[in-house]
Every structure is written in structure tokens, then in C-alpha cells.
Amino acid sequence: MVIRAHGISPVERKKLIDNAFNIVDGTCAKVLRSQEIISRYSSEDYFILIAGDLGHAEVLALQGCAEQSLVITSAEQVIPLKLHEKTLLIAQTTFSVEEYDKISTALGKKGIPFMVEKTICGDTESRQKALDDLLPNIDALVVIGGLSSANTTRLYQRGLEMGKPSFLIEGPEDLDLNALEPYGIIGISAGASTPNGIIDETMDLLEDF
């Protein structure tokens, strides 16, 4: 049984062990660290607030490490919350850095002490920052990566939020050159797990366009 990078909950892991599966654990080290942090704080009676995408595989695994938890996706959801005396804020590793900071600020305004663990993946954070630097200088955006990937989808959504025509593709074969024809400068971004070869092939195709 291969465990993918998003990880699984302790209960799911125990089931695999109890059923004598041969486990190949592909859980990302950063996700494992998040799980360990949640388990530690949860054992000290902390309520765990997880900034992430509801129903995402990584988030479900993180929830499985907590005795008490709540998933929030935006700072607006913080407003009606009644914080527990002991609260930990932690993030899905591919969550938006900007939104996480807004959530943390909103929690701070409630005047109740809480702990913060910033567990967003460094690669995810650097790509989000690089995209923000790129967007003012382009006419359209091409984002390369898995259509179901959380970090890739966030890059694509960021482009749309900033008013740039944006196209999400999994590889050069998905590129619609006719749709890109009206635009002068086309920027490229890619998800953290997008293979360099696919990025290079897409860039080559655009350079020849």
C-alpha cells in the first residue's frame, strides 16, 4: 500500500498495520511535521484550527491527528468564532500565504491568546510570491500543473483575482495557442510538484509561438 504525499490519519495508518499491509510511505516530510505538531498540541488539550481546503486529503489527515478541530478557509470565518482558552492555528502546507496571514490577524483582533504554527511549504510560498511579482508585468498567465492540485489551483485563482486572463493546463498538449494570440506578454507559473521537463516543453512551445 502506497501512502501518497498528502498523508493519512493515524486511524487509517493503524488499519493498514493491523491488516498486515506492506506500507510504502510517500507522505511529504512537511506534512508529517504538521501531523506531529497537531498531535503534540492536541495531547495538551489545544483546540486545533486548520487553515485549509475543506475535504482536501491533507486536511482530512491533519484533522485525524486532532481531538478537537475546525477547518477554516478565510478570515471572514474567524469573525463569529468563539476561541477556546487553548487554541492552535496551523495551515495546510499548500494554503495561501496571504489568506493565512489574514486569518492570523483576524484571530489576533479577538483578544484571546493563541498559538501559531506556520507550516506552509517553502516551495509553495516562494511560488506564490514569485507570481505576485510577475503579475503586474504580464498580459495573460499560463499555470502548469495538476488540475486537482491545491497549490496549482491557487496560482490560477490568484491570476484571475488580479484581473489577468489565466489558463490552467497539465502540459503543453493542453495549451490553446489561439486563445493566447490576443495577448502580448504571457507569464508562466507552475505547481510545486510540476516536473521541470513539462515546464520546459511548455516554455519552448510558447517561445516558438
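The values are calculated or read from the model by the stated rules, or taken from the named source; none is laboratory data. Just so it is clear, the model here is predicted, and its values are computed rather than measured. Note that each Cβ is placed from the backbone with ideal geometry, even for glycine, and that neighbours are counted across all protein chains shown. Side chains included, ligands, DNA and RNA excluded: accessible areas come from the protein's heavy atoms. Shrake-Rupley method; radii C 1.70, N 1.55, O 1.52, S 1.80 Å.
Those residues that are free of Cβ contacts under 8 Å to residues at least 24 places away in the same chain and touching a Leu at 6+ places or on another chain (Cβ under 7 Å), I need them from segment 115-172; list them, please.
Across segment 115-172, the qualifying residues are Leu147, Tyr156.
Quick test for you: out of Gln68, Gln92, pick the one residue that is touching a residue at least 24 places away in the same chain (Cβ under 8 Å), under 22 Å from Arg33 (Cα atoms) and over 19 Å from the mean Cα position of the chain (by Cα).
After ruling out the rest, the residue left standing is Gln68.
So is Gln63 within 16 Å of the chain's Cα centre (by Cα) and more than 22 Å from Thr152 (Cβ to Cβ) or not?
So Gln63 fits the description; yes.
Out of the residues in segment 96-131 that are out of contact with any helix residue (DSSP H, G or I) (no Cβ under 6 Å at 6 or more places or on another chain) and among the acidic types (Asp, Glu), which is farthest from Glu161 (Cα to Cα)?
Ranking the qualifying residues of segment 96-131, first place goes to Asp123.
Within segment 140-157, can one find any residue that is under 21 Å from Val97 (Cα atoms), modelled with pLDDT under 90, surrounded by fewer than 18 Cβ atoms within 10 Å (Cβ to Cβ) and out of contact with any strand residue (DSSP E or B) (no Cβ under 7 Å at 6 or more places or on another chain)?
Within segment 140-157, one or more residues are under 21 Å from Val97 (Cα atoms), modelled with pLDDT under 90, surrounded by fewer than 18 Cβ atoms within 10 Å (Cβ to Cβ) and out of contact with any strand residue (DSSP E or B) (no Cβ under 7 Å at 6 or more places or on another chain).
Give just the number: which of (1) modelled with pLDDT of 95 or more; (2) open to solvent by less than 30 Å² (accessible area, probe 1.4 Å) does Leu175 not satisfy?
Condition not satisfied by Leu175: (1).
Identify the single condition in (1) over 21 Å from Ile185 (Cα atoms); (2) open to solvent by 20 Å² or more (accessible area, probe 1.4 Å) that Glu170 does not satisfy, given that it satisfies every other one.
(1)
Could you look through segment 121-158, keep only residues that are of a type in the set (D, E, K, R) and assigned to a helix (DSSP H, G or I), and pick out the one that is farthest from Ala51 (Cα to Cα)?
My answer is Asp133.
Which of the residues belonging to segment 183-209 are open to solvent by 70 Å² or more (accessible area, probe 1.4 Å), touching a Gly at 6+ places or on another chain (Cβ under 9 Å) and touching a residue at least 40 places away in the same chain (Cβ under 8 Å)?
Ser193
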